[in-house]
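I'd like to ask you about the structure that follows.
The values are calculated or read from the model by the stated rules, or taken from the named source; none is laboratory data. This one's a predicted model, so the numbers in the text were calculated from it and none came from an experiment. Don't worry about glycine lacking a Cβ; one is built from the backbone with ideal geometry, like all the others, and counts go over all protein chains shown. Accessible surface is based on the protein model in full, side chains and every heavy atom, while ligands, DNA and RNA are left aside. Shrake-Rupley method; radii C 1.70, N 1.55, O 1.52, S 1.80 Å.
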Amino acid sequence: ALGLYTVNAVYGDTITIPCRLEVPDGLMFGKWKYEMPNGSPVFIAFRSSTKKNVQYDDVPDYKDRLSLSENYTLSIKNARISDEKRFVCMLVTEDDVSEEPTIVKVFKQPSQPEILHQAGFLETEKLQMLGECVARDSYPEGNVTWYKNGRVLQPMEEAVVINLQKIVNKSTGLFTMTSSLQYMPTKEDANAKFSCVVTYYGPSGQKTIQSEPVVFDVHYPTEKVTIQVLPRSSTIKEGDNITLKCSGNGNPPPQEFLFYIPGETEGIRSSDTYSMTDVRRNATGEYKCSLIDKSMMDSTTITVHYLDLQLTPSGEVTKQIGEALPVSCTISSSRNATVFWIKDNTRMQTSPSFSSLQYQDAGNYICATTLQEVEGLQKRKTLKLIVEGKPQIKMTKKTNTNKMSKTIVCHVEGFPKPAVQWTVTGSGSIINKAKETKYVNGKFSSKIVIAPEENVTLTCIAENQLERTVTSLNVSAISIPEYDEPEDRNDDNSEKVNDQAKLIVGIVVGLLLAALVAGVVYWLYVKKSKAASKHVDKDLGNIEENKKLEENNHKSET
């Protein structure tokens, strides 16, 4: 058949075989035949050139499958493997018979290969049947190749054993290829992808079809045990719930372990987890887990952080003004803790210290502490300090600048806040027109404005749960100015008053000095006046004497 014309056909398609002879003059008819393996001919089609009629021989294999065209091209429907023959076109004249043979080749693509009879799992260090790669209905027969992770698996003694079997269907002539793979896996074969590829021939040449990859569960023994703490937090504090998880790196992993707890001599048999709730500081220590046969073990250290706070005193404390109150806030913790104080929602710069309690010391105190490295670990305790005191009164008076009224102030200290009443001594009448300042740090003032026509005595009464205090003050009539500022007035007013007092004193002293100087001058003047008078008298006497002497002398001359 070398050098002969060949027609390649696909199984199931129509085979078209042209007659490659030139139609001669005087053609009587054309015929097609095929040759048996022993060389004997079998005629299958006839066409007359004159009558234009076509006849098909009674050949069972080609019944209703043949078609012969006017140009003597033979078509065979539904190509079969048995159609692979040597067909001959014959053109006959009165003088000659011409023949031209054609070889027909039929090809069938196999089905996609499948890996069947797969192993449920593979065990390391053991040669076992992995599966069979099956590709059906191929023609001509194909070849099967195994792959692992995209690389060809080559046969290897006691590690990779491949057997290929090819079976032909006698009725169709198609081949089924079956390749079995025996394989000894290693631990590294976990998640490896196994596949097989069928190589076959088609009309256009060699082609391949690949199976779907298959991953096998590879079993291997545990070589290492690991213990870990869940949840995976960097720190554990008292009250937390924790779980110890033990795992082995084998496949399948171990399902049971022995857990060793601090203080326990024997291991506790459990699944791969062991839970502890509301842990305390005494749970700090080394924890271990091992396989049931104790062949492998791992350990971890757990530190349970704690924070204790002791505030002395705490709760509600009532003290009297002026008393001392020692306060201590003691911390006990697993790490260095940060301590700070808060008073009435404001953070304090220093710790409170009370050697002599004042009203402004009263309030809500909080001693708080936290471990910054341990999330959520913080403690706080409160001290509600109440500073009580009996009412203390100081009364002041002053004449207002219009000199038409006087202001009387009752300065009160005490806690609980005293109630204040004003009365006029003698009449005992209650004055209800008093105005009070804001109560701050145990202090406030009650003020009244009066314009008395005569001297009166005002009484201020301050009373709380501890005591009733009474203080009186004499007030002169409006015609007599009075000024008596409280000692706790502001510095500017004090300085102003001091300056006014100094000015008045200076004026008085100046007037006294002026009077003294005037007296001295007057005394000196009087004294000098007397001396001058005596001197004048003496001078007048001398003049008279001289006058008499001159008169006597004049008489003598006469």
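Could you tell me the center-to-center distance, by alpha carbons, between the stretch 58-90 and the stretch 316-345 in angstrom?
113
Kirkwood hydrodynamic radius of the stretch 369-433 from all distinct Cα pairs, in Å?
So the Kirkwood estimate lands at 17.0 Å.
For helix 491-557, report the angle its Cα long axis makes with the longest principal axis of the Cα atoms of the chain; keep it between 0 and 90° and round to the nearest 10°.
30
With all protein chains present, how much of the accessible area of the stretch 225-302 (probe radius 1.4 Å) comes from carbon and sulfur, to the nearest whole percent?
So the carbon and sulfur contribution to the accessible surface is 46 percent.
Explain nothing, just the number: relative contact order of the chain, from Cα pairs under 8 Å at least 6 residues apart, as a whole percent.
Working: 1191 pairs, mean separation 38.3, N = 558.
Relative contact order here is 7 percent.
With a 1.4 Å probe and all protein chains left in place, how much accessible area per residue does the stretch 225-302 have, in Å²?
Ligands and nucleic acids excluded, the result is 55 Å² per residue.
Can I ask one more? Using only the Cα atoms of the chain, what do you get for the radius of gyration and for Dmax, in Å?
Both quantities, over Cα of the chain: 67.0, 243 Å.
At a probe size of 1.4 Å, how large is the accessible area of residue 29, to the nearest 10 Å²?
Surface open to solvent at residue 29 totals about 50 Å².
Under a Cβ-only charge scheme (Lys and Arg +1, Asp and Glu -1), can you give me the dipole magnitude of the chain about the Cα centre, in debye to the nearest 20?
2280
On the principal axes of its Cα set, how long, how wide and how thick is the stretch 1-46? Give whole Å, largest value first.
On the principal axes, the stretch 1-46 reaches 37, 24, 24 Å in Cα extent.
With charges only on Cβ, +1 for K and R and -1 for D and E, what is the dipole size of the stretch 114-219 about its Cα centre, in debye, rounded to 20?
Dipole size: approximately 380 debye.
Just read off the accessible area of residue 90 with the full protein assembly in place, 1.4 Å probe, to the nearest 10 Å².
20
For Cα pairs less than 8 Å apart in space and 6+ apart in sequence, what is the mean separation divided by the residue count of the stretch 372-449, i.e. the relative contact order in percent?
Relative contact order for the stretch 372-449 comes out at 26 percent.
For the stretch 114-219, what log10 I(q)/I(0) values come out of the Debye formula at q = 0.16, 0.22 1/Å, with one point per alpha carbon and no solvent?
-0.69, -1.14
Whole-Hz ³J(HN,Hα) for each residue in the stretch 241-256, computed from phi via Karplus 6.51 cos²θ - 1.76 cosθ + 1.60 with θ = phi - 60°, x for glycine and proline: what do you get?
Going residue by residue, I get 9, 10, 10, 8, 10, 10, 9, x, 8, x, 9, x, x, x, 9, 9 Hz, with x marking Gly and Pro.
OK, next. Of the beta bridges DSSP finds with both residues in the stretch 114-219, what % are antiparallel, to the nearest 5?
About 95 percent, rounded to the nearest 5.
Under the rule of at least 5 residues apart or a separate chain, name every residue whose amide H is placed under 5 Å from the amide H of residue 106.
9
Okay, moving on. Principal axis lengths of the stretch 307-387 from Cα atoms, whole Å, largest first?
Sorted largest first, the three principal extents are 42, 21, 19 Å.
A follow-up question, please. Write down, largest first, the equivalent ellipsoid semi-axes of the stretch 175-260 in whole Å, where each equals the square root of 5 times an eigenvalue of the alpha-carbon gyration tensor. Write down the numbers at each step before the final one.
Working: eigenvalues 497, 50, 14 Å².
Semi-axes, largest first: 50, 16, 8 Å.
Counting only residues 5 or more places away or on other chains, whose amide H sits under 5 Å from the amide H of residue 45 once H atoms are built in the peptide plane?
32, 57
Here is a further query. In whole Hz, what ³J(HN,Hα) sequence does the stretch 456-467 give by Karplus (6.51, -1.76, 1.60; θ = phi - 60°), x for Gly and Pro?
Once rounded to whole Hz, the list reads 9, 10, 9, 10, 10, 10, 10, 9, 10, 5, 8, 6.
Quick check: net charge around residue 139, other residues with Cβ under 12 Å of its Cβ, Lys/Arg +1 and Asp/Glu -1?
Details: positive: 80, 105, 108, 136, 166; negative: 83, 84, 137, 141.
That works out to +1.
Spelling out what I want: for every residue of the stretch 85-99, take phi, set θ = phi - 60°, compute 6.51 cos²θ - 1.76 cosθ + 1.60 (Karplus), and round to whole Hz; glycine and proline get x.
Computed from phi, the couplings for the stretch 85-99 are 9, 9, 9, 10, 9, 10, 10, 10, 10, 5, 10, 8, 10, 9, 10 Hz.
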